[in-house]
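Starting off with a structure, shown below.
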Amino acid sequence: MTDVQAFGEAERAAVYRVIAERRDVRQGYLETPLPEDLLCRLIAAAHCAPSVGLMQPSRFIVIRDRGVRQAVHEIFSAANRRALENYTGKKAERYSGLKLEGILEAPQNLCVLCDAGNERGHGLGRQTMPETAIYSTVCAVQNLWLAARSEGVGVGWVSILAPEKLSELLNIPEHLTLVAYLCLGYVDGFASEPDLERFGWEKRIDVETVVSYECYSEAAKP
Ligand SMILES: Cc1cc2nc3c(=O)[nH]c(=O)nc-3n(C[C@H](O)[C@H](O)[C@H](O)COP(=O)(O)O)c2cc1C
(Lines give C-alpha, C1' and ligand atoms only; values in the text may rest on other atoms or scores of the structure.)
Protein backbone atom coordinates (compact mmCIF):
# COMPACT_ATOMS: atom_id res chain seq x y z
CA MET A 1 0.00 0.00 0.00
CA THR A 2 1.21 3.49 -0.73
CA ASP A 3 1.13 6.22 1.86
CA VAL A 4 -2.38 7.71 2.03
CA GLN A 5 -1.15 10.90 3.65
CA ALA A 6 -1.01 14.12 1.68
CA PHE A 7 2.28 15.03 0.09
CA GLY A 8 4.63 17.39 1.89
CA GLU A 9 4.27 21.13 1.42
CA ALA A 10 7.05 21.49 -1.16
CA GLU A 11 5.70 18.64 -3.28
CA ARG A 12 2.17 20.03 -3.16
CA ALA A 13 3.48 23.45 -4.12
CA ALA A 14 5.26 21.83 -7.08
CA VAL A 15 2.03 20.21 -8.28
CA TYR A 16 0.08 23.48 -8.14
CA ARG A 17 2.99 25.32 -9.71
CA VAL A 18 3.21 22.98 -12.68
CA ILE A 19 -0.55 23.31 -13.20
CA ALA A 20 -0.40 27.11 -13.05
CA GLU A 21 2.73 27.45 -15.18
CA ARG A 22 1.83 24.96 -17.91
CA ARG A 23 1.45 26.83 -21.18
CA ASP A 24 0.50 26.04 -24.72
CA VAL A 25 3.73 26.78 -26.59
CA ARG A 26 3.72 27.74 -30.27
CA GLN A 27 7.08 29.51 -30.56
CA GLY A 28 10.55 29.65 -29.04
CA TYR A 29 11.31 25.97 -29.58
CA LEU A 30 15.01 25.06 -29.50
CA GLU A 31 16.56 22.80 -32.12
CA THR A 32 18.02 20.38 -29.56
CA PRO A 33 16.02 17.16 -29.78
CA LEU A 34 14.58 15.69 -26.60
CA PRO A 35 16.63 12.78 -25.25
CA GLU A 36 14.96 9.44 -25.88
CA ASP A 37 14.57 8.65 -22.16
CA LEU A 38 12.84 11.97 -21.53
CA LEU A 39 10.41 11.44 -24.39
CA CYS A 40 9.70 7.93 -23.08
CA ARG A 41 9.05 9.35 -19.58
CA LEU A 42 6.53 11.80 -21.01
CA ILE A 43 4.72 9.10 -22.97
CA ALA A 44 4.77 6.84 -19.89
CA ALA A 45 3.19 9.70 -17.89
CA ALA A 46 0.44 9.89 -20.52
CA HIS A 47 0.00 6.11 -20.40
CA CYS A 48 -0.50 6.35 -16.57
CA ALA A 49 -3.61 8.49 -17.00
CA PRO A 50 -7.00 7.40 -15.73
CA SER A 51 -9.04 5.58 -18.35
CA VAL A 52 -12.61 4.37 -18.42
CA GLY A 53 -12.80 0.68 -17.44
CA LEU A 54 -8.97 0.73 -17.40
CA MET A 55 -9.15 0.36 -21.15
CA GLN A 56 -6.02 2.49 -21.76
CA PRO A 57 -7.14 3.45 -25.24
CA SER A 58 -4.42 6.02 -26.06
CA ARG A 59 -1.98 5.35 -28.88
CA PHE A 60 0.99 7.55 -29.80
CA ILE A 61 2.94 8.28 -32.98
CA VAL A 62 6.29 10.04 -32.48
CA ILE A 63 7.13 12.19 -35.50
CA ARG A 64 10.64 13.54 -35.91
CA ASP A 65 11.11 13.42 -39.68
CA ARG A 66 11.14 16.94 -41.13
CA GLY A 67 9.49 15.81 -44.36
CA VAL A 68 6.54 14.38 -42.45
CA ARG A 69 6.30 17.51 -40.29
CA GLN A 70 6.43 19.62 -43.45
CA ALA A 71 3.47 17.67 -44.85
CA VAL A 72 1.56 18.12 -41.56
CA HIS A 73 2.37 21.82 -41.71
CA GLU A 74 0.81 22.01 -45.16
CA ILE A 75 -2.35 20.39 -43.79
CA PHE A 76 -2.33 23.00 -41.02
CA SER A 77 -1.84 25.91 -43.44
CA ALA A 78 -4.80 24.84 -45.58
CA ALA A 79 -7.03 24.39 -42.51
CA ASN A 80 -5.87 27.70 -41.09
CA ARG A 81 -6.69 29.53 -44.32
CA ARG A 82 -10.20 28.05 -44.16
CA ALA A 83 -10.52 29.03 -40.48
CA LEU A 84 -9.58 32.61 -41.30
CA GLU A 85 -12.47 32.83 -43.78
CA ASN A 86 -14.86 32.56 -40.82
CA TYR A 87 -13.70 35.86 -39.37
CA THR A 88 -14.13 39.35 -40.69
CA GLY A 89 -12.77 42.83 -39.95
CA LYS A 90 -10.69 43.27 -36.81
CA LYS A 91 -11.20 39.66 -35.71
CA ALA A 92 -9.79 38.41 -39.04
CA GLU A 93 -6.86 40.78 -38.73
CA ARG A 94 -6.18 39.58 -35.20
CA TYR A 95 -6.58 35.91 -36.16
CA SER A 96 -4.11 36.15 -39.00
CA GLY A 97 -1.55 37.65 -36.61
CA LEU A 98 -1.71 34.68 -34.23
CA LYS A 99 0.93 31.95 -34.24
CA LEU A 100 -1.09 28.79 -33.71
CA GLU A 101 1.40 25.95 -34.10
CA GLY A 102 5.07 25.00 -33.82
CA ILE A 103 5.05 21.96 -36.10
CA LEU A 104 8.34 22.72 -37.84
CA GLU A 105 10.10 24.54 -35.00
CA ALA A 106 9.55 21.74 -32.48
CA PRO A 107 11.96 18.89 -33.34
CA GLN A 108 9.41 16.28 -32.35
CA ASN A 109 5.68 16.10 -32.80
CA LEU A 110 3.37 13.58 -31.17
CA CYS A 111 0.10 12.41 -32.61
CA VAL A 112 -2.24 11.08 -29.92
CA LEU A 113 -4.99 8.67 -30.95
CA CYS A 114 -7.80 6.84 -29.22
CA ASP A 115 -8.74 3.24 -29.87
CA ALA A 116 -12.32 3.86 -28.70
CA GLY A 117 -13.70 0.53 -29.87
CA ASN A 118 -11.14 -1.55 -28.01
CA GLU A 119 -12.58 -4.41 -25.93
CA ARG A 120 -10.24 -3.71 -23.04
CA GLY A 121 -12.18 -2.65 -19.96
CA HIS A 122 -15.11 -4.82 -21.12
CA GLY A 123 -17.30 -1.77 -21.74
CA LEU A 124 -17.27 -0.70 -18.09
CA GLY A 125 -18.42 2.93 -17.91
CA ARG A 126 -18.83 3.16 -21.67
CA GLN A 127 -22.30 1.64 -21.94
CA THR A 128 -23.86 4.88 -20.74
CA MET A 129 -21.17 7.29 -21.97
CA PRO A 130 -19.22 5.86 -24.94
CA GLU A 131 -17.42 9.18 -25.33
CA THR A 132 -15.48 8.44 -22.13
CA ALA A 133 -12.93 6.52 -24.20
CA ILE A 134 -12.00 9.80 -25.89
CA TYR A 135 -12.06 11.61 -22.52
CA SER A 136 -9.54 9.04 -21.28
CA THR A 137 -7.15 10.01 -24.06
CA VAL A 138 -7.63 13.69 -23.24
CA CYS A 139 -6.59 12.84 -19.65
CA ALA A 140 -3.46 11.21 -21.10
CA VAL A 141 -2.63 14.39 -23.01
CA GLN A 142 -2.99 16.48 -19.88
CA ASN A 143 -0.70 14.13 -17.92
CA LEU A 144 1.93 14.50 -20.63
CA TRP A 145 1.49 18.27 -20.77
CA LEU A 146 2.04 18.68 -17.02
CA ALA A 147 4.95 16.23 -16.89
CA ALA A 148 6.54 18.08 -19.81
CA ARG A 149 6.25 21.43 -18.03
CA SER A 150 7.99 19.98 -14.98
CA GLU A 151 10.84 18.83 -17.27
CA GLY A 152 11.13 22.27 -18.93
CA VAL A 153 9.63 20.91 -22.14
CA GLY A 154 7.10 22.97 -24.10
CA VAL A 155 3.97 21.41 -25.58
CA GLY A 156 1.62 22.97 -28.12
CA TRP A 157 -1.70 21.39 -29.12
CA VAL A 158 -2.64 21.84 -32.78
CA SER A 159 -6.26 21.15 -33.67
CA ILE A 160 -6.33 23.24 -36.84
CA LEU A 161 -5.85 20.14 -39.00
CA ALA A 162 -8.21 18.17 -41.22
CA PRO A 163 -8.32 14.78 -39.42
CA GLU A 164 -8.95 12.81 -42.63
CA LYS A 165 -5.89 14.36 -44.31
CA LEU A 166 -3.71 13.72 -41.27
CA SER A 167 -4.99 10.14 -41.01
CA GLU A 168 -4.06 9.51 -44.63
CA LEU A 169 -0.59 11.01 -44.19
CA LEU A 170 0.19 9.11 -40.99
CA ASN A 171 -1.44 5.86 -42.08
CA ILE A 172 -3.88 5.95 -39.16
CA PRO A 173 -6.38 3.09 -39.40
CA GLU A 174 -10.07 3.97 -39.45
CA HIS A 175 -10.82 2.51 -36.04
CA LEU A 176 -8.51 5.03 -34.34
CA THR A 177 -9.72 8.56 -33.57
CA LEU A 178 -7.37 11.50 -33.79
CA VAL A 179 -7.47 13.28 -30.43
CA ALA A 180 -4.42 15.53 -30.35
CA TYR A 181 -1.52 16.62 -32.48
CA LEU A 182 1.22 17.98 -30.22
CA CYS A 183 4.43 19.89 -30.82
CA LEU A 184 7.08 19.08 -28.23
CA GLY A 185 10.50 20.44 -27.42
CA TYR A 186 12.82 22.45 -25.24
CA VAL A 187 11.88 26.11 -25.31
CA ASP A 188 13.50 29.45 -24.61
CA GLY A 189 10.93 30.20 -21.92
CA PHE A 190 7.36 29.83 -20.73
CA ALA A 191 5.04 32.83 -20.86
CA SER A 192 3.26 33.77 -17.65
CA GLU A 193 -0.08 34.15 -19.45
CA PRO A 194 -1.73 32.22 -22.29
CA ASP A 195 -0.69 33.54 -25.71
CA LEU A 196 -4.32 34.12 -26.65
CA GLU A 197 -4.62 36.48 -23.69
CA ARG A 198 -1.30 38.20 -24.39
CA PHE A 199 -2.30 38.85 -27.99
CA GLY A 200 -5.80 40.10 -27.15
CA TRP A 201 -7.86 37.20 -28.53
CA GLU A 202 -9.55 36.07 -25.30
CA LYS A 203 -9.32 36.61 -21.55
CA ARG A 204 -9.34 34.07 -18.75
CA ILE A 205 -12.37 34.12 -16.44
CA ASP A 206 -12.37 33.84 -12.65
CA VAL A 207 -13.03 30.43 -11.13
CA GLU A 208 -15.86 31.87 -8.97
CA THR A 209 -17.84 32.50 -12.15
CA VAL A 210 -17.88 28.84 -13.20
CA VAL A 211 -18.97 27.12 -9.99
CA SER A 212 -22.55 26.45 -8.84
CA TYR A 213 -23.60 24.68 -5.67
CA GLU A 214 -26.23 21.96 -5.26
CA CYS A 215 -27.73 22.57 -8.71
CA TYR A 216 -26.72 24.45 -11.83
CA SER A 217 -27.21 28.17 -11.55
CA GLU A 218 -27.05 30.69 -14.37
CA ALA A 219 -25.93 33.25 -11.79
CA ALA A 220 -22.55 31.56 -11.81
CA LYS A 221 -22.21 32.14 -15.55
CA PRO A 222 -19.37 34.41 -16.60
C1 LIG B 1 -8.34 20.65 -27.30
C2 LIG B 1 -7.38 21.80 -27.51
C3 LIG B 1 -7.07 22.21 -28.79
C4 LIG B 1 -6.20 23.29 -28.99
N5 LIG B 1 -5.86 23.67 -30.27
C6 LIG B 1 -4.97 24.67 -30.45
C7 LIG B 1 -4.54 25.05 -31.75
O8 LIG B 1 -4.93 24.47 -32.76
N9 LIG B 1 -3.65 26.04 -31.87
C10 LIG B 1 -3.18 26.71 -30.78
O11 LIG B 1 -2.37 27.63 -30.93
N12 LIG B 1 -3.56 26.38 -29.52
C13 LIG B 1 -4.43 25.38 -29.34
N14 LIG B 1 -4.79 25.01 -28.08
C15 LIG B 1 -4.20 25.72 -26.94
C16 LIG B 1 -5.17 26.73 -26.32
O17 LIG B 1 -5.29 27.84 -27.16
C18 LIG B 1 -4.61 27.14 -24.95
O19 LIG B 1 -4.61 26.01 -24.12
C20 LIG B 1 -5.40 28.25 -24.29
O21 LIG B 1 -5.32 29.42 -25.04
C22 LIG B 1 -4.90 28.52 -22.89
O23 LIG B 1 -3.52 28.78 -22.91
P24 LIG B 1 -2.51 27.95 -22.03
O25 LIG B 1 -2.65 26.51 -22.45
O26 LIG B 1 -1.16 28.52 -22.32
O27 LIG B 1 -2.92 28.12 -20.60
C28 LIG B 1 -5.66 23.96 -27.87
C29 LIG B 1 -5.97 23.52 -26.57
C30 LIG B 1 -6.83 22.45 -26.39
C31 LIG B 1 -7.14 22.00 -24.99
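The values are calculated or read from the model by the stated rules, or taken from the named source; none is laboratory data. Not measured: the values here are computed from a predicted model. When we count neighbours, we look across all protein chains shown, and the Cβ atoms used for this are built from the backbone with ideal geometry, even at glycine. Side chains included, ligands, DNA and RNA excluded: accessible areas come from the protein's heavy atoms. Shrake-Rupley method; radii C 1.70, N 1.55, O 1.52, S 1.80 Å.
Show me, for region 99-112, the HN-Hα J-couplings you get by feeding each phi into the Karplus relation (A = 6.51, B = -1.76, C = 1.60, θ = phi - 60°), rounded to Hz, glycine and proline as x.
Residue by residue, region 99-112 yields 9, 10, 6, x, 4, 8, 6, 6, x, 9, 10, 9, 9, 10 Hz.
Now, a different point. With loop defined by DSSP as not H, G, I, E or B, and exposure as at most 15 other Cβ atoms within 10 Å, which is the longest segment of the chain clear of exposed trypsin sites (Lys or Arg not before Pro)?
Longest site-free region, per DSSP loop and neighbour criteria: 121-202.
Moving on. Can you send over the carbon and sulfur percentage of the accessible area for the chain, probe radius 1.4 Å, protein chains only?
Ligands and nucleic acids excluded, carbon and sulfur reach 55 percent.
Within region 77-109, list the GluC sites (Glu not before Pro) lying in a DSSP loop whose Cβ has at most 16 other Cβ atoms in a 10 Å radius.
85
Not counting ligands, DNA or RNA, and with a 1.4 Å probe, what is residue 215's accessible surface area in Å² rounded to the nearest 10?
90
Further, regarding this structure: Only four residue types carry charge here, +1 at the Cβ of Lys and Arg and -1 at the Cβ of Asp and Glu. Report the dipole size of region 105-222 about the Cα centre in Debye, rounded to the nearest 20.
Approximately 140 debye in magnitude.
Another question about this same structure. For residue 124 and residue 204 in the same chain, what is the full-extension length gain: residue separation times 0.36 nm, less their Cα-Cα distance, in nm?
Working it through step by step, the gained length comes to 25.2 nm.
Please arrange 209, 132, 137 by accessible surface area, largest first, computed with a 1.4 Å probe and ligands excluded.
In descending accessible area the options line up as 209, 132, 137.
For the chain, what are the DSSP H helices with axial Cα length of 20 Å or more and mean Kyte-Doolittle hydropathy of at least -1.0?
What comes out of the filter, once short or polar helices are dropped, is 66-84, 132-150.
To continue, here is another question. Quick check for you: with a 1.4 Å probe and neighbouring chains kept, what is the accessible area per residue of the chain, in Å²?
60
Could you tell me the number of lysine pairs in the chain with C-alpha atoms less than 28 Å from each other, where the two lysines are 8 or more residues apart or belong to different chains?
Counting lysine pairs in the chain gives 10.
From largest accessible area down, sort 213, 95; use a 1.4 Å probe on the protein chains.
Solvent-accessible surface, decreasing: 213, 95.
Let me ask something else about it. Roughly how much of residue 36 is accessible, in Å² to the nearest 10, using a 1.4 Å probe?
Number for this one is 110 Å².
May I pose another question? Nearest 5 is fine: what % of DSSP beta bridges in the chain come out antiparallel, could you say?
Expressed as a percentage, antiparallel bridges in the chain total about 95.
Next up: Under the Karplus relation 6.51 cos²θ - 1.76 cosθ + 1.60, θ = phi - 60°, what is the ordered set of whole-Hz ³J(HN,Hα) values for region 55-61, x standing for Gly and Pro?
So the Karplus estimates, Gly and Pro as x, are 7, 6, x, 7, 10, 10, 10 Hz.
Given the C-alpha centroids of region 72-99 and region 1-53, what is the distance between them in whole angstrom?
When both Cα centres are located, 31 Å separates them.
Roughly how many debye, to the nearest 20, is the charge dipole of region 1-67 about its Cα centre, given +1 on each Lys and Arg Cβ, -1 on each Asp and Glu Cβ, and no other charges?
For region 1-67, the charge dipole is close to 280 debye.
Another question, if that's okay. About the Cα centre of the chain, how large is the charge dipole given +1 on each Lys and Arg Cβ and -1 on each Asp and Glu Cβ? Please answer in debye to the nearest 20.
In total the dipole reaches around 420 debye.
Provide 199, 190 ordered by accessible surface of protein heavy atoms (probe 1.4 Å), highest first.
In descending accessible area the options line up as 199, 190.
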